[in-house]
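These notes concern the structure reproduced below.
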Amino acid sequence: MKLISTVTVVAGLFMFTLLSGFKPFYDGKPWAVPDNFKNMKSAVASNAESISAGKALWALHCSSCHGKTGLGDGSKAAQLKTQPPDFTTSEVQGQTDGSLFYKTSEGRDDMPSFKKKIADQDDIWNLVVYIRTLKK
């Protein structure tokens, strides 16, 4: 009897997620970052100026999907196929600066490439510096 109840609950939760439009935070595909990017160090120092510049770029280009504080709760997040990640997590914060730079520059799927919109690489580095401030 207990097994049937457990199976019923699990099946119910599964159906709820399908019918409610639940979007996974991670689509299961690893985001491969070339080694030369993984090992890159930031080209800009973390200071008040770079954080301020990164914050301004975040507000302009990132917050609509990733949210004002990086929680993945931006106004456009609901329109995406996958939920934007929570940038305050150790999973995101544990990535190298070069990995964050690469993902911002190149994009994939719902995440657009910003290498043309933000043509100055130092500005993408400023975003990386700002992303480092998004901690719980």
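Laboratory data are not the source of any read-out in this text; all were calculated from the coordinates shown. Being a predicted model, the structure only gives us computed values, none of them experimental. Reconstructed Cβ throughout: ideal geometry from the backbone, glycine too, with neighbour counts over all protein chains shown.
Structure summary
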| item | result |
| --- | --- |
| Sequence of 108, 132 once ranked by neighbouring C-beta atoms within 10 Å, starting from the fewest | 108, 132 |
| In order through region 81-98: 3J(HN,Hα) via Karplus (6.51 cos²θ - 1.76 cosθ + 1.60), integer Hz, x for Gly, Pro | 6, 10, 6, x, x, 7, 6, 7, 6, 5, 4, 6, 5, x, 6, 5, 4, x |
| Sequence-distant lysines (8 or more away, or on other chains) whose Cα lies within less than 24 Å of residue 81 | 23, 29, 68, 103, 115, 116, 117 |
| Förster-model FRET efficiency, 22 Å R0, residue 38 and residue 73, C-beta, rounded to 0.05 | 0.20 |
| Cα radius of gyration and Dmax for region 24-131 (Å) | 13.0, 37 |
| Extension gain (nm, one decimal) between residue 51 and residue 108, 0.36 nm per residue minus Cα-Cα | 18.0 nm |
| Contact order normalised by residue count of region 24-131, Cα under 8 Å, 6+ apart, percent | 37 |
